[in-house]
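Notes for the one structure printed next.
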Amino acid sequence: MRDLVTRLGSRARAATPAEAAAAGDVVVVTIPVRAYRQVPAEPLRGKVVIDTLNYDPARQGSVPEIENGDTPPHLLLQAHLKDSFVVKAFSTVFFKHLPELARPAGVPDRSAVPIAGDDAAAKTVVASMIDSLGYDTYDVGPLADSRRFAPGTPAQLAYLDPDGMFTAPGRPAGVAELAALLDEVK
């Protein structure tokens, strides 16, 4: 981590998960799903948490709660962080495409990111952050509806070139295109 912190500059520092959770007003959780229990719940109490997790047991290992049908993958982090405001976002955009697809507001090829959550104020906070990063948002509804942009759904692949998948540049996907893809999953 020292090399990464050095490359990021003087405002970056390494921290434990609990220290990072306590320091952030809005915390992004991007980990393999199987490690969700390591996300510290207490320092995240009352905070907005952005859940970027996608369940891929072949790549990341299986999670018994999901496999047994106790908790759907898209609700797992909220079940763990009962006192936090979880908003599902950024789970559809390949991380390497994030900087290349960002655009100023109002341009025709600005991409949209689907979000879902149970708290309107938390979704407003997340939408504002997403806008500042160069994306529009499309509010899918409550967290349970994030299944509409889960792995294997049309919206999950909106930004990927099917011929190059992860090696090709990302494709912009605006609000209208994203809405049409989300409507394919009811």
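The values are calculated or read from the model by the stated rules, or taken from the named source; none is laboratory data. All figures in this text were calculated on a predicted structure; none of them were measured in a lab. Positions of Cβ are backbone-derived with ideal geometry, glycine not excepted, and every protein chain shown enters the neighbour counts. For the accessible areas, the whole protein counts, side chains as well, though only heavy atoms, and no ligand, DNA or RNA atoms are used. Shrake-Rupley method; radii C 1.70, N 1.55, O 1.52, S 1.80 Å.
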For the pair Thr52/Phe94, report the inter-label distance in nm, with labels modelled 7 Å from Cα in the Cβ direction.
1.5
1/(1 + (r/R0)^6) with r = Cβ-Cβ of Thr124 and Asn68, R0 = 41 Å, i.e. FRET efficiency to nearest 0.05, evaluates to 0.75
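Counting only heavy atoms of protein chains, what accessible area per residue, in Å², does the range 1-67 have with a probe of 1.4 Å? Walk me through the numbers on the way to the answer.
Values: 4420 Å² over 67 residues.
Result: 66 Å² of accessible area for each residue.
May I ask you to give the solvent-accessible area per residue for the range 115-178, in square angstrom, as obtained with a 1.4 angstrom probe?
Roughly 46 Å² per residue, with all protein chains present.
Quick one: putting +1 on the C-beta of Lys and Arg, -1 on the C-beta of Asp and Glu, what dipole do you get for the chain around its Cα centre, in Debye to the nearest 20? Walk me through the intermediate numbers first.
Working: 19 positive and 23 negative charges, 112 e Å.
The dipole magnitude comes to about 540 debye.
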If every Lys and Arg gets +1 and every Asp and Glu gets -1 at its Cβ, then about the Cα centre the range 30-134 yields a dipole, in debye to the nearest 20, of 220
A 1.4 Å probe over the protein heavy atoms gives the range 1-150 a carbon and sulfur accessible-area percentage of 55
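What does the charge count around Asp136 come to, taking other residues whose C-beta lies under 14 Å from its C-beta (Lys +1, Arg +1, Asp -1, Glu -1)? Don't skip to the answer; put the middle values down first.
Working: positive: Arg103, Arg110, Lys123; negative: Asp109, Asp131, Asp139, Glu177.
Local net charge: -1.
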Electrostatic dipole magnitude of the range 121-186 [Cβ: Lys, Arg +1; Asp, Glu -1; Cα centre; debye, to 20]
220
What distance in nm lies between label points placed 7 Å from Cα along the C-beta direction at Lys186 and Ala35?
4.0
Output ³J(HN,Hα) for the range 88-93: one whole-Hz value per residue in order, computed from phi by the Karplus curve 6.51 cos²θ - 1.76 cosθ + 1.60 with θ = phi - 60°, and x for Gly and Pro.
7, 7, 6, 7, 9, 10
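For Glu19, Glu184, write out the residues from largest to smallest accessible area, computed with a 1.4 angstrom probe and no ligands counted. Show your work: numbers first, answer last.
Numbers: Glu19 90, Glu184 125 Å².
So the residues, ranked largest to smallest area, are Glu184, Glu19.
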